[in-house]
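Just so it is clear, none of the values below were taken in a lab; they were calculated from the coordinates. It should be emphasised that the depicted structure is a prediction, and the values quoted were computed from it without experimental measurement. Neighbour counts are summed over all protein chains in view; Cβ atoms, including those assigned to glycine, are modelled from backbone coordinates with ideal geometry.
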Ligand SMILES: [Zn+2]
């Protein structure tokens, strides 16, 4: 498990994702030809091969596909947040996101639970989408 996997790094190409988060939107790439959604960044639609990709605001609704608890800090942003719930979230639009689930005790979280996006602001100024139970 690397930081690159769990904590997206801003770059010129991924900037719309981070700008979206600052605006309170879950902004992801979507294919204009087949309407498949992607995370992380792709350059060609993995569903139909199209390059007609654009950034769109997702509904922010999803379900928990899998999750685990992080007990040790692997990144400065983990401090004061442990145990942190690392989760894969299947969003309504079809993409699977690595994120965190907040606002729930681990013993009360189940695979298949409905969640919705919320946003966490970090001391370093970054903002990331995370999910909370509906
Ligand atoms: Zn496509």
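At a glance:
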{"item": "DSSP bridge pairs, segment 12-133: antiparallel proportion in percent, nearest 5", "result": "95"}
{"item": "Segment 61-116 shape via C-alpha gyration tensor axes, a/c threshold 1.5", "result": "prolate"}
{"item": "The chain - mean residue ellipticity at 222 nm from DSSP helices (-39,500 (n - 2.57) per run, n ≥ 4, rounded to 500)", "result": "-2000 deg cm²/dmol"}
{"item": "Relative packing of peptides 26-34, 52-60, 105-113 - highest average C-beta neighbours within 10 Å first", "result": "26-34, 52-60, 105-113"}
{"item": "Residue of 42, 117, 101 that the Gaussian network model of the chain assigns the largest fluctuation, springs spanning Cα pairs under 10 Å", "result": "42"}
{"item": "Order of 72, 81 - criterion: other Cβ atoms within 10 Å of each residue's Cβ, fewest first", "result": "72, 81"}
{"item": "Whole-Å distance, taken between Cα centres, linking segment 32-55 and segment 67-101", "result": "24"}
{"item": "Estimated D of segment 12-133 in µm² per second, where Rh is the Kirkwood radius over Cα pairs and Stokes-Einstein applies at 37 °C, 0.692 mPa s", "result": "218"}
